[in-house]
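Asks: Structure provided below as structure tokens; questions to follow.
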Amino acid sequence: MILSTTLPDSAGAFIDFFSGGTMSDNTPGSQGGSPYGQNQPQYGEQSGSPYGQNQPQYGEQSGSPYEQQGTSPYGGQGTSPYGQQNPPGAPTDNPGRVLGIVGFILAIFIAPVGLVISIIAFVKSRKAGMGNGLALAGSIIGALFTILGVLGAIVLGAFFTELAQQLTEACEGLPSGTPVTIEGQPVDCP
């Protein structure tokens, strides 16, 4: 029993084969040429370039002046690891980058030290002609926290000075260890 349907050649051959019929020869080589309209060379044969250009064999130089390796069009030698050319005299990395990161972190925890390191990193980056946002942020945060720390120290110093003065006045003429009351709190005289 042979099915008669309008299916593509490959599907029809599939159905004919399993229904007891013979499989038609639908291979590309049996129809007298390449399925792409060109005669393809066999494996190992060489053919001319389809674009009319002589292509170099593996390992040969193409002769193009733009494909020279190891030289820079700017006159310098060397390339970056990503294949991009480095102009001569241009630094490849920001010299104050690491110090900027360290200064930013220290500006949060130890403000005066972070302020100094951030300023050094910012100056190094400026001399190299680069920006350094973390060094700038570390300088600002370090300056603010240093000012707040100094103001806090002044306020605490004034408070403890006043407290010590009240304790001295309350204990004047009393023996050591005598309990006195200062601002509602019992304290022993020194």
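Asks: Scan the range 170-190 and tell me whether some residue there is β-branched (Val, Ile, Thr) and in contact with a Pro (Cβ under 9 Å, 6 or more places away or on another chain).
Replies: yes
Asks: Applying the selection to the range 147-185, what residues are more than 30 Å from residue 111 (Cα to Cα) and part of a helix (DSSP H, G or I)?
Replies: 165, 166, 167, 168, 169, 170
Asks: Scan the range 129-146 for residues that are more than 17 Å from residue 105 (Cβ to Cβ) and of a type outside the set (A, V, I, L, M) and jot them down.
Replies: Residues satisfying the conditions are 129, 131.
Asks: A further question follows. Anything in the range 109-129 that is in contact with a Pro (Cβ under 6 Å, 6 or more places away or on another chain) and assigned to a helix (DSSP H, G or I)? List them, or say none.
Replies: The answer is 124, and nothing else.
Asks: If only one of 164, 128 is hydrophobic (A, V, I, L, M, F, W, C) and more than 29 Å from the chain's Cα centre (by Cα), which one is it?
Replies: Just one listed residue meets the conditions, 164.
No value in this document is a laboratory result; all are computed from the given coordinates. From a predicted model like this one, the values you see are computed outputs, not experimental measurements. Backbone-built Cβ (ideal geometry, glycine too); neighbour counts: all protein chains shown.
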